[in-house]
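A.B. asks: Take this structure, written in structure tokens, and hold onto it; I'll ask about it next.
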Amino acid sequence: MNIKEKLNFLDQISTPHKVPATKKETPFEIDKVVYGKYINSTFIATYKVPIEEQHGSIALKQANDISQQYLAIAGKDERLIDFDVKKSLFFDTETTGLSGGSGTYIFLAGFGYFEDNFFIIKQFFLPDLPAESEMLKSIHELLSRFNNLVTFNGKSYDWPLLKDRFIINRIKNINKNPLHLDLLHASRRIWKNSLPDCSLTTIEKFKLNIQRSGDVPSFMIPQLYFNYLRDRDSRPLKPVFYHNKIDILSMVSLMIRLAQIHQEPLLQLNKNEELLSVANHYQNMKTWNKNIPILKKIIASEKNTFKKKEISIQLGLSLKKIGKFSEAEKVWLNLINDGQFRFEPYEELAKYYEHRSKDLNKAKQVVESALKNIDYLEQLRPDNQLLLYKSRLNHRLLRLHKKLKI
């Protein structure tokens, strides 16, 4: 859009005027191009998709099998244990810009929800900027029927933007803080290290077996709407409606896939990068019992010795957290005996012998062995981190000497 077009657009949105009772008909108005109807000044397209249909590799009816506990794990939010898919709105917007703020309009808001044996998609389209308030009132009426939201990056963008538009148009939002499952964050926790990126289209292609046909790139969408405001030819917007519709359907498939993964991660995932991402997620949530079997499987198949050592350290700490000290001891001894020095297993083993098994002599031997390794490494490459380790070990050794009365 050139400077002149931008100025014309700014003049259009800053000059208040009423929507005319009768619109001048053009051959390619939105209701001539997209199947739907006007309700007052808002155009609404509605689709009913049977839940037996598959979207990619997932059947929509599989949403009925989801246990909320796995959504709570996926969303890293304990409140989602009360999340009811049947009372949830899947929500995505197309806007006049990606920066947000008071100058950004939502010109197409898509919502999906389950009703009987169908998944209903409603798309609210803004045919004229002065009609925004009427469109938002229609959206607000739909929102009031549901308790939960499912979005893809909606916590950061779509939902805050919609709330801002409500405020600007003096519409009281009765559901300011719904239970909100953001699938972008849930997806990154699994695939951030194994996919080129975690955009919805990338996840569709590599993980959901969804192929789009007749779509339009996201970056082109604002300009297509600006063109429509100028010439009222809505034909180029038809792919935008398709884009929005597929986004919403893909959110359903993605939500189901994420729940499946967290229900049975060892069966659902076969890449070590993905398994490790899930294990790290469980560790962050302090769900050690879910974390440990995954770490063991990775260690059994990992060829990279450095990665294997890192994961073994993680396994030892996880076993310690659930009180499996004898099993953790074996992990730490294996790490020490493999010949590559790492400080963590020495420190953890010394702690175990000193405080748990009460074998002070063994604790002393472990600390002295670690100090010998550090002395050797310091001759090869002096390092401030080694000095820190040495200080901690000497402090522990001094305490052990006092306990042993040496």
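The values are calculated or read from the model by the stated rules, or taken from the named source; none is laboratory data. In this text, all values refer to a predicted model and were calculated from it rather than measured experimentally. Positions of Cβ are backbone-derived with ideal geometry, glycine not excepted, and every protein chain shown enters the neighbour counts.
A.B. asks: Given the conditions (1) outside any helix (DSSP H, G or I); (2) out of contact with any helix residue (DSSP H, G or I) (no Cβ under 9 Å at 6 or more places or on another chain); (3) of a type in the set (A, V, I, L, M), and given that ILE171 satisfies all but one, which numbered condition is not satisfied?
C.D. replies: All conditions pass for ILE171, except number (2).
A.B. asks: Limited to region 60-81, what total is found for residues that are out of contact with any strand residue (DSSP E or B) (no Cβ under 7 Å at 6 or more places or on another chain) and surrounded by fewer than 17 Cβ atoms within 10 Å (Cβ to Cβ)? Explain how you work it out, then say what you get.
C.D. replies: First pass over region 60-81, keeping only residues out of contact with any strand residue (DSSP E or B) (no Cβ under 7 Å at 6 or more places or on another chain): 61-62, 64-70, 72-74, 76-78, 81.
With surrounded by fewer than 17 Cβ atoms within 10 Å (Cβ to Cβ) added as a condition, the list becomes 61, 64-65, 67-69, 76, 78, 81.
Selection size over region 60-81: 9.
A.B. asks: Out of the residues in region 310-362 that are within 22 Å of LEU398 (Cα to Cα) and among the small types (Gly, Ala, Ser), state the one that is farthest from the chain's Cα centre (by Cα).
C.D. replies: Per the stated criteria, the residue is SER357.
A.B. asks: What are the pairs with Cβ atoms under 6 angstrom where one residue, in region 320-346, is in a helix (DSSP H, G or I) and the other, located anywhere, is acidic (Asp, Glu)? Sequence gap at least six, or different chains.
C.D. replies: As it stands, the answer is TRP332/GLU348, since those pairs meet every condition given.
A.B. asks: A further question follows. Limited to region 190-205, what total is found for residues that are out of contact with any helix residue (DSSP H, G or I) (no Cβ under 8 Å at 6 or more places or on another chain) and farther than 19 Å from HIS281 by Cβ?
C.D. replies: Of the residues in region 190-205, the ones out of contact with any helix residue (DSSP H, G or I) (no Cβ under 8 Å at 6 or more places or on another chain) are 197, 199, 201-202, 205.
Imposing the further condition that a residue be farther than 19 Å from HIS281 by Cβ reduces the set to 199, 201-202, 205.
The number of residues fulfilling the criteria is 4.
A.B. asks: Still on this model: Got a sec? Which of HIS262, HIS243 is in a helix (DSSP H, G or I) and touching an Asp or Glu at 6+ places or on another chain (Cβ under 6 Å)? Lay out the reasoning, then the answer.
C.D. replies: On the way: HIS262 fails: touching an Asp or Glu at 6+ places or on another chain (Cβ under 6 Å).
Only one candidate passes the filter, namely HIS243.
A.B. asks: Taking the criterion of being on the phi < 0 side of the Ramachandran plot, in contact with a Pro (Cβ under 9 Å, 6 or more places away or on another chain) and small (Gly, Ala, Ser), would at least one residue in region 315-322 satisfy it? Walk me through it before giving the result.
C.D. replies: From region 315-322, those on the phi < 0 side of the Ramachandran plot are 315-322; that's our starting set.
Now narrow it down to the ones that are in contact with a Pro (Cβ under 9 Å, 6 or more places away or on another chain): 316.
Filter again for small (Gly, Ala, Ser), leaving 316.
Yes, there is a match, as at least one residue in region 315-322 is on the phi < 0 side of the Ramachandran plot, in contact with a Pro (Cβ under 9 Å, 6 or more places away or on another chain) and small (Gly, Ala, Ser).
A.B. asks: Now, a different point. Restricting to region 273-303, give me the number of residues that are of a type in the set (S, T, N, Q) and either not in a helix (DSSP H, G or I) or not assigned by TED's automatic domain parsing to the domain that holds LEU315 (or both). Don't jump to the end; show me each part of the working.
C.D. replies: Residues of region 273-303 of a type in the set (S, T, N, Q): 277, 280, 283-284, 287, 289, 291, 301.
Right, trim to either not in a helix (DSSP H, G or I) or not assigned by TED's automatic domain parsing to the domain that holds LEU315 (or both) and you get 287.
Summing the residues that are of a type in the set (S, T, N, Q) and either not in a helix (DSSP H, G or I) or not assigned by TED's automatic domain parsing to the domain that holds LEU315 (or both) in region 273-303 gives 1.
A.B. asks: Which residues, taken from region 114-173, are within 26 Å of the chain's Cα centre (by Cα), among the charged types (D, E, K, R) and under 25 Å from TYR35 (Cα atoms)?
C.D. replies: Those that are within 26 Å of the chain's Cα centre (by Cα), among the charged types (D, E, K, R) and under 25 Å from TYR35 (Cα atoms): GLU115, LYS122, ARG145, ASP158.
Conditions tested, residue by residue: (1) in the same structural domain as GLN69 (by TED's automatic domain parsing); (2) exposed (fewer than 14 other Cβ atoms within 10 Å of the Cβ); (3) closer than 18 Å to HIS243 by Cβ; (4) without any contact (Cβ under 8 Å) to a residue 60 or more places away in the chain.
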| site | (1), (2), (3), (4) |
| --- | --- |
| SER133 | yes, no, no, yes |
| ASP158 | yes, no, yes, no |
| ILE171 | yes, no, no, yes |
| LEU179 | yes, no, no, no |
| ARG188 | yes, no, no, yes |
| GLU204 | yes, no, yes, no |
| PRO217 | yes, yes, yes, yes |
| ILE221 | yes, no, yes, no |
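A.B. asks: To continue, here is another question. Answer yes or no as to whether LEU200 is among the hydrophobic types (A, V, I, L, M, F, W, C), at pLDDT 95 or above and surrounded by fewer than 21 Cβ atoms within 10 Å (Cβ to Cβ). Quick ask: steps written out before the conclusion?
C.D. replies: Numbers: among the hydrophobic types (A, V, I, L, M, F, W, C): yes; at pLDDT 95 or above: yes; surrounded by fewer than 21 Cβ atoms within 10 Å (Cβ to Cβ): no.
Here the answer is no, as LEU200 does not meet what is asked.
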